[in-house]
1. Regarding the stretch A:179-200, can at least one residue be identified that is surrounded by 21 or more Cβ atoms within 10 Å (Cβ to Cβ), touching a helix residue (DSSP H, G or I) at 6+ places or on another chain (Cβ under 8 Å), closer than 19 Å to A:LYS263 by Cβ and within 14 Å of chain B (Cβ to nearest Cβ)?
2. Can you name every residue in the stretch A:478-498 that is in a loop (DSSP other than H, G, I, E, B) and either within 11 Å of chain B (Cβ to nearest Cβ) or open to solvent by 30 Å² or more (accessible area, probe 1.4 Å) (or both)?
3. For the stretch B:387-498, which helices (runs of 4 or more DSSP H) that fit wholly inside it have 3 or more residues that are without any contact (Cβ under 8 Å) to a residue 24 or more places away in the chain?
4. If you go through the stretch B:514-546 one residue at a time, how many are within 19 Å of B:TYR314 (Cα to Cα) and surrounded by fewer than 14 Cβ atoms within 10 Å (Cβ to Cβ)?
5. Is there a residue being touching a Gly at 6+ places or on another chain (Cβ under 9 Å) and under 20 Å from B:ILE627 (Cα atoms) anywhere in the stretch A:253-271?
6. One residue is enough: does the stretch A:359-366 have a residue meeting the conditions under 22 Å from the mean Cα position of the chain (by Cα), buried (at least 24 other Cβ atoms within 10 Å of the Cβ) and either modelled with pLDDT of 95 or more or in a helix (DSSP H, G or I) (or both)?
7. Output yes when any residue across the stretch B:285-306 is under 13 Å from the mean Cα position of the chain (by Cα), in contact (Cβ under 8 Å) with a residue 60 or more places away in the chain and open to solvent by less than 10 Å² (accessible area, probe 1.4 Å), and no when none is.
8. Can you name every residue in the stretch A:31-72 that is aliphatic (A, V, I, L, M), surrounded by fewer than 18 Cβ atoms within 10 Å (Cβ to Cβ), touching a residue at least 24 places away in the same chain (Cβ under 8 Å) and under 21 Å from A:SER105 (Cβ atoms)?
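The values are calculated or read from the model by the stated rules, or taken from the named source; none is laboratory data. For clarity, every value in this text was computed on a predicted model and none was experimentally measured. Backbone-built Cβ (ideal geometry, glycine too); neighbour counts: all protein chains shown. Remember, those area values only see protein heavy atoms, side chains included, never the ligands or the DNA or RNA. Shrake-Rupley method; radii C 1.70, N 1.55, O 1.52, S 1.80 Å.
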Amino acid sequence: MTPFNVPPIHLSGIAPEITLMIAAFAVLFIGVFTNDRFNHVVQPLVATIGFGIAIYWAVVSWGIARTAELQLSNMVALDRFAIFAKVVLAAFGVLTVWTARDHLSTHHLRDFEFYALVLFCVSGMMLMAASADLIVMFIALETFSIALYVMVGYRRDELAGQESAMKYFLLGAFSSAFFLLGIALVYGATGSTNLYGTPGHPGILSFLTGSSALDVGLLLLGMAFLIVGLGFKIAAVPFHMWTPDAYQGAPSPVTGFMASATKLAAFAAILRLFDVAMYSLRWDWRPYLIGLAIASMVIGSVVALVQEDVKRILAYSSIAHAGFVLTGVIAANDAGVSSSLFYLATYGLTILGAFAVVAAIGGRGERRVRLADYRGLYHESPLLAGAMTLFLLSLAGVPITAGFVGKLVVFIAAIQAGYWWLVVVALAMSAVAAFFYIRIIVVMYMSERLEPLPEGGGPAPVVLGAAGRAVVGVTALATIFFGLIWGPLIGLAGHATLFAG
Amino acid sequence: MESFSHAPLYAQLAPIVIGLPLLGATILLVAGRRVGRASGALASTLLSIAFVLGVVSFFGVTGHGSQIHLWSWVPLLGFHTGVDLNVDPLAIVMVLVVTGVGALIHWYSLGYMAGDPGYPRFFAYMNLFAASMLLLVLADNVLLLYVGWEGVGLCSYLLIGFWFERPSAAHAAKKAFFVNRIGDFAFLAGIFVLAASLGTLSIPRIDASVSGGMTSGLATVAALLLFAGATAKSAQIPLYVWLLDAMEGPTPVSALIHAATMVTAGVYLIARVHPVFEFGAASLDVVMWIGILTALLAAILGAFEYDIKRVLAYSTVSQIGYMIAADGLSSYSTGIFHLAMHAFFKALLFLGAGAVMHALADELDMRRMGGLRRVMPVTAGTFLIAALAISGIFPLSGFWSKDAILAAAWAQGQYAIWAIGLAAAFLTAFYMFRLYFRVFEGPSHVQEDLHPHEAPRIMTVPLVILGFLSVVGGALNVPGNDALERFLDPVLGAPAAPGAVTDAILSAVAVAVAVIGIGTAWGLYMAPAADARRAALEHRFAVLVHVARRKFYVDELYGYAFVLPGKRLAMWFDSLVDARIFDGAVNGIAAMLSGSGEQIRRLQTGFVRSYAAVFLFGVMVIFTVLILRVAVT
């Protein structure tokens, strides 16, 4: 009898994703068999442990990944880029879980599926960062997108949330269609969906560098559609229209999660796709990305000026930030990749903290989200106002915050690649953006607090549980820490090189 | 450059030495109110532990010491600047001065500041001051040094203006800050020159590569720019004016600024980057002359001042002038030696003055004092020791260190420097004993309702310790056993010294001059008929006295030459350029942007179909561009 040969299966590349899937099922099972009060304690703990183990898997493979490799029939890449992204994503996941816990209890929502959704979502995002094949990338994209649609509409009793989830879903489906079409066109042009190629079949990378018989038009069209699909996920103008509505309608912890984790996952795919696989086509994709970058920076910054709702302001700000990160992508050099990663990691921490504050101030039903509701916050809760100030200064890019360093390194990478004029635009738009961040700060410190009306219509008191306080504290510390001591993190991001085939 | 884990123990202690006062400052700034009365003890204990660690480091460090890399800080554009510390003999000597004298001043403040409502804030700033200074002396690259440099400037501003509700204190703080800004600007420019031409920010690498990496002329420019920064921090001509007003801070602050931190920064800086000054040799002459002239000028002004703290402030300016002159004479270790000795007796003088103020309800005018020795024996005794030390009386600490500077001038043939230094030494002895006699001896002119008393134990013990150090400190570096000099040699090189016989004669001359100075003070203030003699002298040199009392009109000169035109310019900018051009442009752009924001916002209708339309519009644009590009190629 011939022995049955088990082909070698290396799971080290997707161990974090598998861990999160298991943790998600564990959370669901616990939810089914136990009562609500127990769930409220145990489910976030289990989710956190899941994220912890995922981080552990990622960290132990950091050493192995010194020589980046492909796994699972070259479907996923095990490189330090993916590992860096996964660790950061897991950290975002943990912060989201604990912010959401407070939020769910304020809204008398049952914990139940929420943490499982976060786990599924992060698992998909991790796969997105590691995917070495367009099909895998698409599956990952859909995995986290579908979970996100549900999370956006998690407050089922509220129409606004339902509406924004619906909009996000419809437009998301729209963009997925473009993404899928792009994959098909690229496949038609190159004969492969794999970025690096499988044994015996050249991938997109080798096809582009080796072959001269390019079916240029077909390939470029596919490339353009991929830009559209991913541009939607990073909320770049003009594929951004869903952003203000979805950010406003979603529960604030989910908004923070979208702004941090979704952006990181989508940008990870963009960096791998354009800065590596299609690097030789950079003169063809750069014009489109430059267009998106400028449009995002300008529209995001300018429209935010006239918003009165803090969540919408932060939504437009996130559009502008997508433009800033695109500047690093466009640089398409090592510094561009590492600085984009640094930017996304620090921006994510800051925006998670900011939305944790927004969630706390918003109160039940998130009614306190207008700029006027922030009047005199300093007098009501000086520490919360201080933390929010720090986040806003970081978003504006003021020195000794992480946001300043992020902008600095991204812009230097772009200048090194010769795009100094793009940096000039970015600087001008940072100046415009500073206005609306500082406007919030001014309102918090320099206005008198609105008195609660006798009939109870005034502002509700700010409630922030222990978990929320911890999240705000940690993100605030991280914002200032990475602003002062950023060398080590940028060093790690610098090691996070992409598998280059 | 070694990583932290591979560095020797004495180097590993360095970051902790900086970290302890920094920790204290952080705790007190965040939770000072909760710490309350304990904040003084906390801050003082932390700095004392730092001193102990510094002593441990002192016994470990040899030769060129050790450079340790803590973490990468600004890894940009080829400058891989890290948070790196240079733990070498020079740095350790400075660490010992800053932490040792600094800790004594901290403990003293426990008594002096007791009852002040800003008690925790005071100690937070004091600890931050010490931490900044420690960072300054331990920094391995100029960028990190600059952080300490600015930190020191910031803390001096905060502490001089500690009682900011007094307009004079707020004004003095502003003055200190502005004058230091001028210096900082020059200093920064100097750093840029060095970084641009040598391609490195590391101080050891700058020192090693300056002679090969830039022209001598450029090195002179860099050195002079750095020196301009030093004149501000170390209160030298022409930027010494801030130090006099800095008396508005609590007295322990003056002690800290004058003795342990801040003003010594310039002396240290020149010694630290001395290869730049040596290579741009013309700069050394400037340094030497500025130093010695400052020593003389400040000594003259000090002799006419009645405010005891201002006398001491002039004396600091004058003594720092000696140190700067020593740097200019390439006798860097001599300068550092005098710096350390000066730290002892100057801290003692200020703390003694603080004890007097404490006893006399903040009286500062020496004409309303006198005879205090009888009620404050410890303060008077230690003050006398310090006065003898600063006058350079054998064998106290100041004798050895000042003598070494004058000897170095003689040995290099700079007889003019030597003579001016001697003249300043005469004046030093004179104004110091003028102060001593008027405050502690003779009949009492204290206001009737005041009942002077000796300071509490917590204040007198530091005085006694400093008094002891002022007596024996010189033993560190006596001729024949020049321990400090040999310790610093690997970093600073050996200073010039005359032969033993010449040295002995020079010393005898210096002591004789000092004794004459003391005698003159006695003759004019203590001897029978002193008042009449003084009045006759003042009458004969009335114009000179008047001009000197008005501080040679330097403040007025600066006021008319710089401050007033500066204010006019600022007002012009404010009314025309700022209000019309910039504000107009900013408001115009803002209005335009909000206007366009409003327009774009209308697209955000809330209908999914219009969102999809915008989306599709984007796709169409991309599509069009693509077709055009393909068609063109």
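1. Yes, the stretch A:179-200 contains at least one residue that is surrounded by 21 or more Cβ atoms within 10 Å (Cβ to Cβ), touching a helix residue (DSSP H, G or I) at 6+ places or on another chain (Cβ under 8 Å), closer than 19 Å to A:LYS263 by Cβ and within 14 Å of chain B (Cβ to nearest Cβ).
2. Matches in the stretch A:478-498: A:ILE485, A:TRP486, A:THR497.
3. B:415-440
4. Qualifying residue count for the region: 2.
5. So far as the stretch A:253-271 goes, no, none of its residues is touching a Gly at 6+ places or on another chain (Cβ under 9 Å) and under 20 Å from B:ILE627 (Cα atoms).
6. Within the stretch A:359-366, one or more residues are under 22 Å from the mean Cα position of the chain (by Cα), buried (at least 24 other Cβ atoms within 10 Å of the Cβ) and either modelled with pLDDT of 95 or more or in a helix (DSSP H, G or I) (or both).
7. no
8. Within the stretch A:31-72, A:ILE49 is the sole residue that qualifies.
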